[in-house]
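The values are calculated or read from the model by the stated rules, or taken from the named source; none is laboratory data. Predicted, not measured: the structure shown is a model, and the values here were computed from it. All Cβ positions, glycine included, derive from the backbone under ideal geometry; neighbour counts span all protein chains shown. Side chains are part of the model used for accessible areas, which takes the heavy atoms of the whole protein and leaves out ligands, DNA and RNA. Shrake-Rupley method; radii C 1.70, N 1.55, O 1.52, S 1.80 Å.
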Amino acid sequence: MSRIAYVNGRYLPQRDAAVHVEDRGYQFADGVYEVCEVRGGRLIDERRHIERLQRSLSELRIALPMSLAALGIVLHETVRRNRVRDGIVYLQITRGVAKRDHAFPVADTPPSVVVTASRIDPARTERVAAEGIAVVTLPDNRWDRVDIKSIALLPNVLAKQLAREQGAREAWFVAPDGTVTEGASSNAWIVTTGNEVVTRKADRSILRGITRTVLLDVLRAQGLILVERAFTVAEAIGAREAFITSASQTVMPVVRIDGQPVGNGAPGLIASALRADFHRHSEKS
Ligand code: PDD
């Protein structure tokens, strides 16, 4: 079955789906995106993803290109047409097509909208989670508005490639003060030897992950202690557990950091319990 993409009002076979060469997303990375988990054919935490999308758009002064109701229909319809039961739906909105000029185009330029959906084999993700993943660390060289989910991801791309070349699945960005900010496409967490669950405060230095937000509810329900503070790479290596969160992986245990084992080198009990409980607390639509 060929995949279907939504592009500016039309559902097209993905091989024929394209944006204009002067799309500002293509030329300037002038746009935002969201990735929403699809599970059992339903969208996970759609409402929160759309809220964050609206914030990203407003920070960049890009207009919402259609009503929220219409956007919701497009997301669900793209999932349906691709028969995705488990996977992700990807939404990208850019400032539209205009003759190349760095400053904004005229105000009535319609934003471009692309939606795609892809399958992810849940059994495969579970196998990865059962083993845990390795991460590598590198200096955080991103701009100072990474709280906006913009499509300008070059540092993240290079970080992920570095991870892959070193046999790791994720890269953690490290601020000049030695603290971990977040992953190339995930938020970073540790569990201390005192069983405190630690993650960085969601200020402008990280993306406020939707998975992170929902996990705060899971922690509360499990009676765990949350501490929102920065942690160093050394502290993470010496921690009892480490894990990452993102829409496509929910809670993924981290078992190695820069080649060093975390805890006993196996997925932690708390990370695994949080992973198992996550979808009881997420919204389905
Ligand atoms: N990434 N931090 C960064 C830099 C991210 O790119 C992501 C998500 C997160 C976690 O956010 P959430 O829990 O809302 O997925 C944190 C998506 C999945 C991606 O780029 O594919």
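What FRET efficiency would be calculated for the residue pair His102, Met66, taking the C-beta separation as r and a Förster radius of 30 Å, to the nearest 0.05?
With a Förster radius of 30 Å, E is 0.70.
If each residue of separation counts as 0.36 nm, what is the full-extension length gain between Asp277 and Ile73 once their alpha-carbon separation is subtracted?
Extending this stretch completely gives an extra 70.6 nm.
Rounded to the nearest 10 Å², what accessible area does Val128 have for a 1.4 Å probe in the complete protein model?
About 30 Å², rounded to the nearest 10.
Take the Cα coordinates of segment 4-120, assign each an equal point scatterer, and use the Debye formula without solvent to give log10 I(q)/I(0) at q = 0.13, 0.22 Å⁻¹.
Per q value, in the given order, log10 I(q)/I(0) is -0.48, -1.26.
Quick one: what do you get for the chain if you divide its Cα Rg by 2.2 N^0.38 Å?
My calculation over the Cα atoms of the chain gives 1.01.
Keeping all protein chains in place and using 1.4 angstrom, which order do Glu131, Glu37 fall into by accessible surface area, from largest down?
Glu131, Glu37
Return a whole-number percent for the relative contact order of the chain, with Cα pairs under 8 Å and 6 or more residues apart as the contact set. List each step's numbers first, then the result.
Working: 584 pairs, mean separation 52.0, N = 285.
Once divided by the residue count of the chain, the mean separation gives 18 percent.
Report the dimensions of segment 109-216 along its three principal axes from the alpha-carbon atoms, largest first, rounded to Å.
The principal-axis extents, from largest down, are 54, 38, 32 Å.
Give me P(r) over segment 64-148, computed from all C-alpha to C-alpha distances, binned every 5 Å, as integer percentages.
Calculated P(r), rounded to whole percents: 3, 10, 13, 12, 15, 16, 14, 10, 5, 2, 0.
Accessible area of segment 4-120 with a 1.4 Å probe: how many percent of it is carbon plus sulfur?
52 percent
At 7 Å along Cα-to-Cβ for each site, give me the label-to-label distance between Arg119 and Arg220 in nm.
With each label point 7 Å from Cα toward Cβ, the separation is 3.8 nm.
So, for segment 4-120, what is the accessible surface per residue at a probe of 1.4 Å, expressed in square angstrom?
Numbers: 6030 Å² over 117 residues.
Here the residues of segment 4-120 average 52 Å² of exposed surface.
Can you send over the carbon and sulfur percentage of the accessible area for segment 124-249, probe radius 1.4 Å, protein chains only?
Numbers: 2910 of 5580 Å².
Exposed carbon and sulfur together represent 52 percent of the surface.
Per residue, how large is the accessible surface of segment 149-285? Use a 1.4 angstrom probe and give square angstrom. Please list the in-between numbers first.
Numbers: 5800 Å² over 137 residues.
Value for segment 149-285: 42 Å² per residue.
At 20 angstrom or more along the helix axis (alpha-carbon based) and mean Kyte-Doolittle of -0.5 or higher, what helices does the chain contain? Whole DSSP H runs only.
none
Mind checking which aspartates and glutamates have their Cα closer than 17 Å to the Cα of Lys99? Skip sequence neighbours fewer than 8 apart in that chain.
The reachable aspartates and glutamates, counting only those whose Cα sits under 17 Å from Lys99, are Glu22, Asp23, Asp30, Asp108.
Please give the length that would be gained between Arg42 and Ser285 if that part of the chain were fully extended, namely 0.36 nm times their separation in residues minus their C-alpha to C-alpha distance (nm, one decimal).
Here the answer is 86.9 nm.
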